[in-house]
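A short write-up of the structure that comes next.
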Amino acid sequence: MGRDAHGVLLVPLIGSLILGALVAVATAAEPASAAQPHWSAQVTRDIAAGEYHLSQAGDGFTAPNRAHDFRGRWSHDGALTLESRTEPGAWSFSYRLLGVGRSASAVGAVRGERVDAGRIEWERDGTREWYVNDARGIEQGFAIAARPAWTADSNHASALFGTSVAGAGDVNGDGYSDVIVGAPNYGTFGAQEGAAFVYLGSASSLATTATWTAERSQALARFGFSVASAGDVNGDGYSDVIVGARWYDNGETDEGRAYVYYGNNGGGLDRIPRQARSDGSAPIDLLGATTTAAGFRLRASNGR
């Protein structure tokens, strides 16, 4: 600081951000006018937004959030921890993406990471997860990297179709895998009875309409809350399915029930030769051993 030859006081300016701050303070008490420099307001906004930007720290990134009084910490392996900004150790919450969809299909490890100001993105196989830190708080979002090869819906309001999904195995024995989908709020007979739908696979894709459906006539049973392949429980060579009704009543309130349905509508020729006990009872699983010393037999039957 000094004076020039005319006695005018000279004040050196240190950086554009300091200049912006000085201008903002000097003009704060003055009435707003059209002559207000636009760049000064922009600099002020940039400074405020910069408080929410992520910076490298340890094994990840960190950023404060003054508006909501917390600090976020993002680790390179895909975890977010929130904690008090002004009272360290007062509280802490941790979040990690474990699955995607109502059936929570597991997500893979983080394979890529990108940080831009207050936003961080994590790339996984088929999924991109992102967080934005700003004055509104923490925003989380997801993006699916690829378009689905097949979609289906129930055309039924509030059915919650897709709450549960699973591979059904090959229920009709054509060599293609099939799928089963649950809709626990589906109702034809009453509210939230539920339903399950099986779609058959083929060389081109899954069928667009369900080949098999099942429903329960008990209101609030939530049939289809869970679905899965049951394997081949009756040994006829066709995959079977199992469906859960979480709130089924049968003497006890909300006791629940599980249902197994045979593939191929429960009938058809046994297509898998296997050893059986001499009295025709269940097949033998222990490495094909037989229960008699005299030998074993193979059978092919059509339910007889």
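Below is a table of values for the structure above.
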read-out: Leading residue by the ranking (least open to solvent (accessible area, probe 1.4 Å)) among those in region 108-118 that are over 30 Å from Asp178 (Cβ atoms) and without any contact (Cβ under 8 Å) to a residue 24 or more places away in the chain; value: Gly112
read-out: The listed residue being open to solvent by less than 60 Å² (accessible area, probe 1.4 Å) and either at pLDDT below 50 or farther than 30 Å from Val179 by Cβ (or both), out of Ala26, Ala35, Ala57; value: Ala57
read-out: Enumeration of residues in region 87-107 that are open to solvent by 80 Å² or more (accessible area, probe 1.4 Å), in contact with a strand residue (DSSP E or B) (Cβ under 9 Å, 6 or more places away or on another chain) and either outside any loop (DSSP other than H, G, I, E, B) or more than 30 Å from Ile180 (Cβ to Cβ) (or both); value: Pro88, Trp91, Phe93, Ser94, Tyr95, Arg96, Ala106
read-out: Residue match in region 193-205 (condition: over 29 Å from Gly108 (Cα atoms), of a type in the set (Gly, Ala, Ser) and open to solvent by 30 Å² or more (accessible area, probe 1.4 Å)); value: no
read-out: Candidates Asp249, Asp240, Asp232, filtered to the one that is open to solvent by less than 30 Å² (accessible area, probe 1.4 Å) and modelled with pLDDT of 85 or more; value: Asp240
read-out: Checking Arg71 against (1) in contact with a Pro (Cβ under 8 Å, 6 or more places away or on another chain); (2) of a type outside the set (A, V, I, L, M, F, W, C); (3) not in a strand (DSSP E or B), the condition it does not meet; value: (3)
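The values are calculated or read from the model by the stated rules, or taken from the named source; none is laboratory data. Here the structure is a predicted model, which is why all the values come from computation and not from measurement. FYI the Cβ positions are ideal-geometry reconstructions off the backbone, even for glycines, and counts take in every protein chain you see. Surface areas here come from the heavy atoms of the whole protein model, side chains and all, with no ligands, DNA or RNA. Shrake-Rupley method; radii C 1.70, N 1.55, O 1.52, S 1.80 Å.
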